[in-house]
Amino acid sequence: MSCISVTGIVKRLAGLVIESRGPRGAVGDLCNIQLRSGELVPAEIIGFSGELTRLFPLTSLQGVAAGDLVYHISQGQWVHAGHSMLGRVLDGS
């Protein structure tokens with residue numbers, strides 16, 4: 001079995017939104033942006049504009065630049081909840 005990596009490349013930043021050419025994914029999928037320093041910035045796919053994928057960073061944008069690589073890492077995060085969860089406070093950290 002081979003490991004296939006789905007990648008894209010940062011094209012521009014527009015406010016707090018990162019626009020990249022790829023990777024292919026769906027709204028809610030998670031990605032990592034690899035900075036030139038090697039540091040990873042997690043981001044979520046929030047939409048599409050023409051051929052561009054729109055990403056929202058989950059941490060600081062510090063260091064993100066055009067040309068950085070974007071790796072698709074997983075489908076979105078889900079929490080299964082039933083009636084027993086109604087009225088409860090959850091700590092997501």
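The values are calculated or read from the model by the stated rules, or taken from the named source; none is laboratory data. Predicted model only: the values in this text are computed from it and were never measured. Ideal geometry is used to build each Cβ from the backbone, glycine not excepted, and the neighbour counts take in all protein chains shown. Remember, those area values only see protein heavy atoms, side chains included, never the ligands or the DNA or RNA. Shrake-Rupley method; radii C 1.70, N 1.55, O 1.52, S 1.80 Å.
Laid out as a table, the results:
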{"quantity": "Failed criterion for A14 (all others in (1) touching a residue at least 12 places away in the same chain (Cβ under 8 Å); (2) farther than 9 Å from H72 by Cα hold)", "calculated": "(1)"}
{"quantity": "Residue match in the range 33-47 (condition: touching a residue at least 12 places away in the same chain (Cβ under 8 Å), out of contact with any Ser or Thr (no Cβ under 6 Å at 6 or more places or on another chain), outside any loop (DSSP other than H, G, I, E, B) and more than 15 Å from T7 (Cα to Cα))", "calculated": "yes"}
{"quantity": "Any hit, the range 32-53, residues being open to solvent by 80 Å² or more (accessible area, probe 1.4 Å) and hydroxyl-bearing (S, T, Y)", "calculated": "yes"}
{"quantity": "In the range 48-70, the residues that are acidic (D, E) and either at pLDDT 95 or above or assigned to a strand (DSSP E or B) (or both)", "calculated": "D68"}
{"quantity": "Hits in the range 1-31 (condition: modelled with pLDDT under 90 and exposed (fewer than 13 other Cβ atoms within 10 Å of the Cβ))", "calculated": "M1, S2, C3, I4, S5, R24"}
